[in-house]
Amino acid sequence: MPWPGSFTFFKGKRLVVEDMQRAEPLHPPAVGIGELYYDKDDKTIRVLTQDGCVKIKRLNIYIPNQDLYK
């Protein structure tokens with residue numbers, strides 16, 4: 001995992017990548033480097049990189065000031 005971690009924002013929510021794995025691009029669509037896509041055959045979310053592809057294994061949505069365990 002890169003330090004301090006991998007994350008992005010989507011609709012005001014912080015998405016944190018908690019687990020990922022290097023992978024080969026399977027049938028990569030027309031996306032650019034750093035963009036993600038859903039691989040229907042493998043049923044995974046992948047991010048195209050300059051050197052290949054990363055498979056997202058666990059993604060967490062961080063919602064500030066909300067206790068999800070109450």
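Every number in this text was worked out from the coordinates using simple rules, so none of it is lab data. Please read these numbers as outputs of a predicted model, since none were measured by experiment. Every residue, glycine as well, gets a Cβ built from its backbone with ideal geometry; the counts of neighbours run over all protein chains shown.
Below 17 Å, Cα to Cα, which aspartates and glutamates can K13 reach? Residues fewer than 8 away in the same chain don't count.
Answer for K13, where 17 Å is the Cα cut-off: D67, listed by chain and number.
Any idea what % of Cα-Cα pairs in segment 16-59 are farther than 16 Å?
On the way: 232 of 946 pairs.
Result: 25 percent of Cα pairs exceed 16 Å.
Starting from 0.36 nm per residue, how many nanometres of slack lie between L36 and E18 once their C-alpha separation is accounted for?
Details: separation 18, 0.36 × 18 = 6.48 nm, distance 1.56 nm.
Net length gain for the segment: 4.9 nm.
Treat every Asp and Glu Cβ in segment 11-63 as -1 and every Lys and Arg Cβ as +1, leave all other atoms uncharged, and give the resulting dipole magnitude about the Cα centre to the nearest 20 debye.
320
Can you give the local net charge around Y62? Use residues other than it whose beta-carbon is closer than 11 angstrom to its beta-carbon, Lys and Arg +1, Asp and Glu -1. Intermediate values should be presented prior to the final figure.
Values: positive: K13, R14; negative: E18.
Here the charged neighbours net out to +1.
Can you list the residues, at least 5 places off or on another chain, whose amide H is less than 5 Å from the amide H of C53, using H built in the peptide plane?
A23
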